[in-house]
């Protein structure tokens, strides 16, 4: 299989972490895609140009990090990162949505600050800065939830990839005033799969 990524994408990082956590390095070739460039050869592989993108053994392509992560997790028939089912699934899905909301907002902010300075929107940057602060405050309260501890799961993975964007965005200073969240993140960020996929600063 082929997994197309960009080194700085937190969404691609999620898939890369699952590859490592599940020991799939011999089955999945990771390829750096050239995105946001006119006439990139990658667009012939994935017309949307987004990452991650997984081309399965049967040649069929799959887009969207949550789908790809679930597929990779289930390949061996023993999914380890999936969320609880039954009534507990609603709480798990609530937390996953909360983590994804932080990640999505930070991604908008990150794309904005990589534009040429004269093309950046101060309004968008301010909006996403404020949103991130509110979301981190919420996670300081939520981080004690049992789903955030124990075996790695998709809620933890999503939140950690969001918080890890501090490496790429100097304005995202989330640690002050959030000691419980900082302690949780430092623990999960020490996992080999996370250190091996650190985004470029």
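Coordinate-derived values only; no laboratory data. All values derive from a computational prediction rather than experimental measurement. As a convention, Cβ positions derive from the backbone with ideal geometry for all residues, glycine included, and neighbour counts pool all protein chains shown.
Using helices alone, I'd like the mean residue ellipticity at 222 nm for the chain: each DSSP H run of four-plus residues gives -39500 (n - 2.57), total over residue count, nearest 500.
Numbers: 8 runs with 98 residues, N = 201.
Estimated from H runs of four or more residues: -15000 deg cm²/dmol.
Normalising the average separation of contacting C-alpha pairs (under 8 angstrom, six or more residues apart) by the number of residues puts the relative contact order of the chain at 23 percent. With an a/c value of 1.5 or above and a/b not larger than b/c for the gyration tensor axes a ≥ b ≥ c computed over the alpha-carbon atoms, region 64-105 is described as oblate. If you take the square roots of the eigenvalues of the alpha-carbon gyration tensor of region 1-109 and sort them as a ≥ b ≥ c, do you get rounded (a/c under 1.5), prolate (a/b over b/c) or oblate? Cα axes put region 1-109 in the oblate bin. Taking the DSSP beta bridges with both ends in the chain, the antiparallel portion is around 60 percent. With an a/c value of 1.5 or above and a/b not larger than b/c for the gyration tensor axes a ≥ b ≥ c computed over the alpha-carbon atoms, the chain is described as oblate. For the peptides 50-59, 142-151, 118-127, residues were scored by their other Cβ atoms within 10 Å and the scores averaged per peptide; the highest-first order is 50-59, 142-151, 118-127.
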